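Values in this text are rule-based calculations from the coordinates and carry no lab data. Predicted, not measured: the structure shown is a model, and the values here were computed from it. No Cβ is skipped: glycine too gets one built from the backbone with ideal geometry, and neighbour counts run over all protein chains shown.
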Amino acid sequence: MAWRRLGQIFAADGKQPWAHSHAALPAPVHLEGDIFRFFYSSRDAEKRSHVGWVDVEISEHPQVRGAASAPVMTPGEDGAFDDSGVGVGCVVKTEDGFSLYYMGWNLGVRSPWRNAIGLARSQTPAAFERYSPGPILDRSPEDPYTLSYPCVLRLGASDWRMWYGSNIAPAVGNADMQHAIKLARSDDGVHWKRDGRVAVGFASEGEYALARPSVVKTGDKFLMCFACRGESYRIGAASSDDGSSWTRLDAAMGFNPSDSGWDSEMTCYPALFWHRERLWLAYNGNGYGATGFGLAVWEGELPV
């Protein structure tokens, strides 16, 4: 039982001004047949993140079938919470269209940045419009410092869940960062309730950040992958009966850097998805997405 790597799938070629580098945070949406659209975050020459997409035919030998020539989202206006960039969390497909949940950020002074969670919508998986100029989740008594990449599942008409990253201590750099995963609930996918409790915490003393959770259902259980930051950057895993209390599964389902190549320094920013009754993993490698994203597929029975 293990993940089998299928290799690097897509990387920015630097020809587009909005995609000077990076194809980070792949977020898959099923279009038809074996075709998935992967939204991703790229960087322009000023390192401001935009959102583009690439269509991939999912198989044992994945193939790129098309790519965006223009971004579907750009940084917000100066002074907005996302004026320095937009990072994809996930895209949710509903009967009304597509909802893109994302992390927006602007630069700080005493702290390098401030992050919050935004929402954009589209009737087709093309150009998205912001739900509002401001975030749908921002700093609060439950999340006093900063918030990061959301993963949203709609489990019922009035049962929406969001797993997201949140600093649980003030931080001005990696040395004092403590970034864990929390849970919020909503009736409509827009207005969220949260209690500030940590859903997934650290598994070792050297771990200090968990980011970009990705959650799928497998039977009656929830399965999550996320980026773990400690001595190295790798992908961890956890399972849950209710989506609130989680058990780490890193030893069984974690995904470490490879021995060589595009993902030899780190594996990060995972996205789980089901296709043809198989579990797939999209993820970034070296440089936080500078080398693009690749795919892996799970072989054997799941340990949940």
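With all pairs of separate Cα atoms included, the stretch 206-292 yields a Kirkwood hydrodynamic radius of 13.3 Å. Within the stretch 3-116, the percentage of alpha carbon pairs spaced more than 22 angstrom apart rounds to 37%. Hey, quick one: spin label on Ser204, modelled 7 Å out along Cα-Cβ, who in the stretch 215-247 has an amide N within reach, i.e. under 12 Å? It comes to 228-236, nothing else.
What the Kirkwood sum gives for the stretch 68-141 is a hydrodynamic radius of 12.8 Å, with every pair of different alpha carbons counted.
Would you mind giving the three semi-axes, in whole Å and largest first, of the ellipsoid equivalent to the chain according to its Cα gyration tensor? The partial results should precede the final answer.
Working: eigenvalues 118, 108, 85 Å².
After diagonalising the Cα gyration tensor, the semi-axes are 24, 23, 21 Å.
List, in the order given, every pair from Lys182/Lys217; Lys15/Lys93; Lys47/Lys193; Lys93/Lys182 whose Cα-Cα distance in the structure shown is over 21 Å. Pairs exceeding 21 Å: Lys15/Lys93; Lys47/Lys193; Lys93/Lys182. Cβ crowding within 10 Å ranks His50, His191 as His191, His50, fewest other Cβ atoms first. Exposure proxy shown here: for Ser239, Ser258, Ser41, the number of other Cβ atoms within 10 Å sets the order, fewest to most, as Ser258, Ser239, Ser41. Summed over qualifying helices (DSSP H, 4 residues or more, each -39500 (n - 2.57)) and divided by its residue number, the chain shows a 222 nm mean residue ellipticity of -500 deg cm²/dmol. Of all aspartates and glutamates in the structure, the ones whose alpha carbon falls short of 15 Å from that of Lys221, not counting any fewer than 8 places away in one chain, are Asp241, Asp242, Glu301.
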